[in-house]
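Notes to accompany the following structure.
Any read-out appearing in this document is the output of simple, stated calculations on the displayed coordinates, not a laboratory observation. Only a predicted model underlies this, so the values are computations on that prediction, with no experimental measurement involved. When we count neighbours, we look across all protein chains shown, and the Cβ atoms used for this are built from the backbone with ideal geometry, even at glycine.
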């Protein structure tokens, strides 16, 4: 944590500071003097490093990413139901009706070129499925239109937006609650796949190892975390649109363009006394999204592949430097075509819709070691036979490589990069990798490791 007591401007300066913090892996900044907002505070980049996720999960700060992912997977197996409470810190101050003013909060103008001031960038939105009553938590950006309305991009393939389009098809408004400044684990879970119909609050309880306390909203039939900093309640009307965007997105680029999008009408705001506005500054890796999506998407893909019996090594690793666009899987190759099966299994999941590149390697490659992965891609993937392209798949408006037609119509493209040796090659034709792990007998490896300090090297 770096407390910044010098006055900073909400217009781009806070954005520039938080972006640089992400790019040089600096501490999370807490801004305590913001121009035009006496007493206002902003906390930036809450989970933009692996060590912060580890600490949030009450693990050692130096825990390796693969061990964080394994622990997340293990805890996720035991959902913990929330506890309902009658009151909480998020109710300390209430604004209803004419008393509402979104501009009372120091919402930053984050990136040069953004379509407006984005109040909701590290938060989650709560809404309820009209058919099943399933409550979804999801992180969908929100831009301030005026004192009482917000705008957001709602991508049809995502769970929360798909719920809105159900209401719209019935010509009914959808209730929503935006939770700003939740506990870090609830935020992490909200932007990761947990399974259709599964309540994110139960998984957050599992990862926290204790239930999340929920309290009833003031004006909508939704429950929200009692210990959050700020709660925004309201409705989204069917068929109403107002221009929103663009915004610097998780892809590392300004994304989504400016287009007519659904409008969020605010009916109530409740918050702590002197609340802290949490924010993320998404852009080129690494930032909060890159880290938390690597945890949750890796866990989800690994679970899917293990359930289907694929002989994978370690975890299916979503590379954080690639903005969730690339996952690496190392596997034994008992038969031809397994790489295509693995890629198909990943793309069949909800998370797979945002991961267009799948890299499959032999199990002598550590999927979390990018040096090994890049070496495998450039030496084992045949430029013609090893790359499989799948056109006209599900996409979304934030993919930077999409052409204008694909962006408008949410059309995507998928690519498998097969770095496994062909099963029909003669054994003598498959080259031996020259590495410590593969090339030297186990006895020699153990001797060298046991004597490493005696050679004069630091342990």
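Distance between the 7 Å Cα→Cβ label points at residue 241 and residue 104: 3.3 nm. The slack between residue 9 and residue 393, meaning 0.36 nm per residue of separation minus the straight C-alpha distance, is 134.0 nm. Pulled fully out, how much extra length does the chain show between residue 308 and residue 370, if you take 0.36 nm times their separation in residues and subtract their Cα-Cα distance? Result for the pair: 19.7 nm of gain on full extension.
Between residue 379 and residue 1, the contour length at 0.36 nm per residue exceeds the Cα-Cα span by 131.8 nm. Once C-alpha pairs closer than 8 Å and six or more residues apart are averaged by separation and normalised to the residue number of the range 81-189, the relative contact order reads 25 percent. When each of the peptides 434-444, 116-126, 166-176 is scored by the mean number of other C-beta atoms lying within 10 Å of its residues, the order from highest to lowest reads 116-126, 166-176, 434-444. Classify the range 78-271 as rounded, prolate or oblate from the Cα gyration tensor: take a ≥ b ≥ c as the square roots of its eigenvalues, call it rounded if a/c is under 1.5, otherwise prolate when a/b beats b/c and oblate if not. Rounded, since a/c falls under 1.5.
For the pair the range 29-68 / the range 278-346, the C-alpha centres are spaced 24 Å from each other.
For the chain, give me the percentage of DSSP beta bridges that are antiparallel, rounded to the nearest 5 percent. Close to 70 percent. Computed from label points 7 Å out along Cα-Cβ, the spacing between residue 357 and residue 447 is 4.1 nm.
Once the cut-off is 16 Å, how many percent of the Cα-Cα pairs in the range 313-406 end up in the long-distance tail? That tail contains 57 percent of the Cα-Cα pairs.
When only Cα pairs below 8 angstrom with a gap of at least 6 residues are kept, the chain shows a relative contact order of 15 percent. Summary value for the range 207-291: 28 percent relative contact order, contacts being C-alpha pairs under 8 angstrom separated by 6+ residues. Of the peptides 44-50, 357-363, 445-451, the order by per-residue mean of other Cβ atoms within 10 Å, starting with the highest, comes out as 44-50, 357-363, 445-451. Of all DSSP beta bridges confined to the range 288-439, the antiparallel ones make up roughly 50%. Does the range 108-198 classify as rounded, prolate or oblate by the C-alpha gyration tensor (a ≥ b ≥ c root eigenvalues; a/c under 1.5 gives rounded; else a/b over b/c gives prolate, otherwise oblate)? It is oblate, given that a/c is not under 1.5 and a/b is not larger than b/c.
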